[in-house]
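S.K.: Please find one structure pasted underneath; my questions will follow.
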Amino acid sequence: MFVIESLAEKPPSRPNRSHPLEIAERLAGEFAQTAVERDKRGGTAKAERDQLRESGLLNLLIPTSEGGLGAEWPEIFRIIRLFARVDSSIAHLFGFQHLMLATVELFGTEAQRRHYYTQTVANNWFWGNALNPLDVHTTVSWKGDKRVVNGRKGFASGSADADALIVSAVEPGNPRLLIAAVPLPREGVAVRGDWDNMGQRQTDSGTVEFADAVLEDEEILRSPGPLGSTRATLRPCIAQLIFSNIFLGIAEGAFNEARTYTSAQTRSWITSNVETPQEDPYILRHYGEIYAQLQAAKLVTDRAGDSFQRAWEIGDAITENHRGRAALDIATAKVITTQSGLDIVNRMFEVMGSRSTTGSARLDRYWRNLRTQTLHDPVDYKLRELGDWSLNRRIPNPSFYS
C-alpha cells in the first residue's frame, strides 16, 4: 500500500535543457548506426532504451511544473516520426511511452497524475503496455483482503525493461474494463520476452503473465476511467496518431534509403539509352510519385496533429463534436500514411534494382516493419468512418478502440 501524495515529495531530477528536437536528431543518428544489426538480432534494445532514459525525452509530455519538458503533441509526434525514419521499433516504444502517460492523465485522478508523472521524472521510468481492450482473458479477483490479477496479455509493447505497466483486466460484476498503473518489478508479474515477429522486431511486444499479482487500490485508474468522459476517449486518437507518424517516418526512411542507393549502386538498364539511373525517365517518374505521396501524407498528418492538440487543450469541456472532428482528421492521416507507405516500401525496390534485395542490407525491413504495424487495426474501418462523414455527415462515435 502506498500513499500517492507522500511519494510526490521526492524532488524531480533536472531535465535535459537542450532543445528536444536536437537531442532526438543526435539519438536518431546513433540509432541508425546499429539499426540493421539490431533488426537481425531482435530482442530488447536495452542500450537504446537507456539512451532515451538519459536524454530526458521520456518526459516530453510531462509539464515543466513537475520536472518534465512540457512539450505539445505535435512536437512529440514529429520526434516519433524522426525516430521511425531510422528505427521504427524505437519510434514505437517512444510513442507508447507518451500514450501510457496520457492514459494516466485521461483515466486517473489528479493525484494519480501528479504521482506517476513525478515518479517518471525522478526515476527515468520507461512505461510499457499491457492494456488490450479486446483481450478479456486477464481477470481481477480477491485473495483474502488483496485484489489480484491473473492471466496473460499478448502484444504487450515495451514490456521488457519497463519500469511500469498500464494493465487492463476484467473484474467480475464490473461492466467497465479495469485499468491500472503498475510499477515494476512486482511479484507475480512475468515478462516473457517472446516477441519474434517478422517486423518491429525490437518493440518487446510479447507476452506478460500475471499470477496472483497484487493490485493496490491506488493503482486503479477509475476517475473517470476508460469511458467516463468524452476527454477520456481521446486515448485511441493518440494511438492512431502515433501509428500514422510511425508509418510516415518509415516511408520517409525508405525514400531516403532508396535515393542514396540509386545514386550510388543502381545501374542503368541496358535499353534505357541513358548513362546514369538519375537520367532514366521511368526511375524519375517513380521518384516523382513517391515524393508527391510523401508531401501529401506529411500535410494531412501534421494537420491531424494540430487538430488533436486543439482538442486536447479544450480539456474537460471537450464535446463529442470536438472529438469527432479531430478523429476525422486523424482517420484521414491513418488512411493516407497506410496506403502511401505500403506503396512506397514496395516501390523502393523498383528504383534500386535486384541487387538491393541482398540479405545483408536488410532493406526489406522497411516493408516488414510497416506491414507488421499496419495490421494493428484494419484501415477499412477508418475508411468507413470517413465515408459515413462525407456521405451522411455523421462524426465517429467516441469509443475505447478508435
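The values are calculated or read from the model by the stated rules, or taken from the named source; none is laboratory data. Small disclaimer: the values here were computed from a predicted structure and weren't measured. When we count neighbours, we look across all protein chains shown, and the Cβ atoms used for this are built from the backbone with ideal geometry, even at glycine.
S.K.: Suppose we filter region 301-311 for residues that are out of contact with any Phe, Trp or Tyr (no Cβ under 8 Å at 6 or more places or on another chain), crowded, with 21+ Cβ neighbours inside 10 Å and not polar (S, T, N, Q); how many remain?
M.R.: 2
S.K.: If we keep just the residues of region 50-72 that are part of a helix (DSSP H, G or I) and surrounded by fewer than 22 Cβ atoms within 10 Å (Cβ to Cβ), which is farthest from the chain's Cα centre (by Cα)?
M.R.: Ranking the candidates gives Ser65 first.
S.K.: Another question about this same structure. Within region 354-402, take every residue that is buried (at least 19 other Cβ atoms within 10 Å of the Cβ) and among the small types (Gly, Ala, Ser) and give me the one that is farthest from Arg41 (Cα to Cα).
M.R.: Applying the filter and picking the extreme gives Ser402.
S.K.: Also, I was wondering about something else. May I ask you to verify whether Gly199 is outside the structural domain of Arg368 (by TED's automatic domain parsing), assigned to a loop (DSSP other than H, G, I, E, B) and either touching a Phe, Trp or Tyr at 6+ places or on another chain (Cβ under 6 Å) or surrounded by fewer than 17 Cβ atoms within 10 Å (Cβ to Cβ) (or both)?
M.R.: So Gly199 fails the test.
S.K.: Also, quick follow-up: Need pairs with beta-carbon distance below 9 Å; first residue modelled with pLDDT of 95 or more and within region 381-398, second of a type in the set (D, E, K, R) and not in a helix (DSSP H, G or I); sequence gap 6+ or separate chains.
M.R.: These pairs meet every condition: Glu385/Arg394; Asp388/Arg394.
S.K.: Right, something else. Which condition number does Leu177 fail, the rest of (1) among the hydrophobic types (A, V, I, L, M, F, W, C); (2) touching a residue at least 60 places away in the same chain (Cβ under 8 Å); (3) in contact with a helix residue (DSSP H, G or I) (Cβ under 9 Å, 6 or more places away or on another chain) being met?
M.R.: Just one mismatch for Leu177, condition (3).
S.K.: Still on this structure, I have one more. Of all the helices (runs of 4 or more DSSP H) wholly in region 292-402, which have at least 3 residues that are of a type in the set (Lys, Arg) and farther than 30 Å from Pro175 by Cβ?
M.R.: Passing ranges, in order: 365-374.
S.K.: List every residue pair whose Cβ atoms lie under 8 Å apart, where the two residues are 6 or more positions apart in sequence or sit on different chains, the first residue falls within region 128-145 and is closer than 15 Å to Arg186 by Cβ, and the second residue, located anywhere, is of a type in the set (Phe, Trp, Tyr) and surrounded by 22 or more Cβ atoms within 10 Å (Cβ to Cβ).
M.R.: Gly128/Phe96; Thr138/Phe210
S.K.: Of all residues in region 34-49, which are out of contact with any helix residue (DSSP H, G or I) (no Cβ under 9 Å at 6 or more places or on another chain) and either among the polar types (S, T, N, Q) or surrounded by 15 or more Cβ atoms within 10 Å (Cβ to Cβ) (or both)?
M.R.: Selection gives Gly42, Thr44.
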